[in-house]
Amino acid sequence: MELTRLRGFRDLIGADARAMSLVEERARALAAGYSMKEVRIPVLERTQLYQRSTGETSDIVEKQMYTFVDRDEGETVVALRPEGTPGVVRAYIEAGLDRADPEQRLFYSGPMFRRERPQKGRYRQFYQFGVEVFGRPDAACDAELLIMIDELCRDLKVPFSMEINSIGDQKCRPAFREALVQWGRAHWGELCDDCHNRIDRNPLRLLDCKIDAKLTESAPKSLDYLCGECRAHFDTVKELLIAANVQFIVNPRMVRGLDYYTRTAFEVMAGGLGAQSTVVAGGRYDGLVETMGGAAVAGIGFAIGIDRMALALQAAGLAPSAAPDAAIIAMGPAATRHAIVVARNLREANLNVEMLSPERKMKTLLARASKIGARAAVIIGDDEIARGVVQVRDLKHSTQREVAVAEAARAIAATGKE
Ligand code: HAM
């Protein structure tokens, strides 16, 4: 076939799509419990939006955006969104919330696009569930979001570890930045070409170079340069996490690849994923709303990589099965009329039920019931209708029981047990 999908873009069919939906459903339910409101924003925005927020020197803006000239009157340069935060901040300012009602707790979910080198867990179209909280400069808010992430990972039962750091603010970061530049210059000969570029353009990124990882262990650490306020903020975050019994590691080398972060930054890694193991990432971005033309309002947020979280679920064997509880087999037209009602009643009793085609033979239908993974087959013929019963066949144990129609749901629930 010539019309194949593009590299880095995926079709998700059946179980793969189901695992993604499950992550999203759980995240939505959790967001409701944290008093968050949904925001839906466009997939296409002005390229400038990302240049001004994500940052000119970030990998995303430098190399990864799908950007093109939209042939409207203004020849606007537009991009498929590579992340959600800039769009949400723009929407927040454009709705006038930064002045009228600055304290907002928002969440969003949808596809993002980055032209990265595809590999397992890294795609060119991927899905994020993101949270952005505005107007809360206090450390309790940082802790609350980290507790929310902890709760999500526990709820999904994926093995995970949480790393946090503080990268300081406009006041104390310049000294840290300068120390990194000095360190980089002193080690020029040992650093890779990418790091040579980073020294002037974005020295913080020296710390997450994969090639020079060993060498950068001796580089300056942000925690040693924090001002009094940033230190107190970080101490409170840690204290609150301990109080809430959240396990975390302080990783003084974590800097994050996006430009807008201040103070708390964090990443959550899940097991079984290989190189692309970061399933959630985020941090505080107190200056961003103002930089983008809004009021001086604090911000903090994170995004869950839904694709990776779903892969982690599947790797841990925790992905839910989409197989039906029961397959309904009706023999003949009268039985079909009866069976359609039985199927509806079973669904009302919260069972997942698939009615099989009445136009096939019993043997074929039983084989089909097993193939779709049903635990039980419910068999209905004229004789069963006359007596007000159904046959419930346990497909795992090849046993069969006749029960009253009203008892069918209970009989199905008892099938397939060890
Ligand atoms: P990010 O670290 O660029 O942050 O992405 C967040 C998460 O999205 C990653 O940890 C990963 O799970 C997932 N992700 C990123 N790129 C890909 C990809 N190519 N394929 C699959 N999954 C991917 C942000 O996007 C920030 N907007 C997070 C944030 C919100 N910070 C504050 N508020």
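Every read-out reported here was derived from the displayed coordinates using simple, explicitly stated rules and does not represent laboratory data. The shown structure was predicted, so the numbers you read here are calculated from the model rather than taken from an experiment. Cβ sites come from the backbone with ideal geometry, for glycine too, and all protein chains shown count toward neighbours.
Observations on the model:
- The chain: angle of helix 139-156 to the longest principal axis, Cα-based, in degrees nearest 10: 30 degrees
- Gyration tensor (alpha-carbon) shape descriptor, region 17-111, a/c threshold 1.5: oblate
- Cα long-axis angle, helix 85-94 against the chain (0 to 90 degrees, to the nearest 10): 80 degrees
- Cα point-scatterer Debye curve for region 103-156, base-10 log of I(q)/I(0) at q = 0.13, 0.25 Å⁻¹: -0.49, -0.99
- In the chain, the DSSP-assigned H stretches of four residues or longer account for a calculated mean residue ellipticity at 222 nm of -10500 deg cm²/dmol, using -39500 (n - 2.57) per stretch and the full residue count as denominator.
- Sum of side-chain charges, G272 neighbourhood, beta-carbon under 13 Å (Lys, Arg +1; Asp, Glu -1): +3
- If R0 equals 35 Å, the separation of the Cβ atoms of V69 and E103 corresponds to a calculated FRET efficiency of about 0.35.
- The ranking of S35, S109, S21, S53 by Cβ neighbour count inside 10 Å, starting from the fewest, reads S35, S21, S109, S53.
- Taken as Cα centroids, region 190-205 and region 266-344 sit 36 Å apart, rounded to the nearest whole angstrom.
- Most mobile of E354, E407, E83 in a GNM of the chain (Cα contacts under 10 Å): E407
- Here R10 and R154 are evaluated by their C-beta separation; at R0 = 30 Å the FRET efficiency comes out at 0.65.
- Contour minus Cα-Cα distance for E178 and E359 (0.36 nm per residue): 57.5 nm
- Alpha carbon centroid spacing (whole Å) that separates region 131-146 from region 49-92: 25 Å
- In terms of other Cβ atoms within 10 Å, W183, W188 run from fewest to most in the order W188, W183.
- Two-decimal log10 I(q)/I(0) for region 326-413, as the Debye equation yields it once each C-alpha is a single scatterer, q = 0.13, 0.15, 0.22 Å⁻¹: -0.33, -0.45, -1.05
- Here the chain is treated as a sphere whose radius is the Kirkwood value from Cα pairs; by Stokes-Einstein at 25 °C and 0.890 mPa s it diffuses with a coefficient of 99 µm²/s.
- Expressed to the nearest 5 percent, the antiparallel share of DSSP beta bridges inside region 1-120 is 75 percent.
- Where labels lie 7 Å past Cα in the beta-carbon direction, separation of N197 and S35 in nm: 4.5 nm
- Ascending count of other beta-carbon atoms within 10 Å, so fewest first, for D307, D142: D307, D142
- Packing-based ranking of 91-100, 162-171 yields 162-171, 91-100, ordered from highest to lowest mean Cβ neighbour count within 10 Å.
- Computed over region 236-323, Kirkwood Rh from alpha-carbon pairs, angstrom: 15.3 Å
- Rounded to the nearest 5, the antiparallel percentage of DSSP beta bridges internal to region 326-413 is 55%.
- In degrees, nearest ten, helix 15-33 long axis to first principal axis of the chain (Cα): 70 degrees
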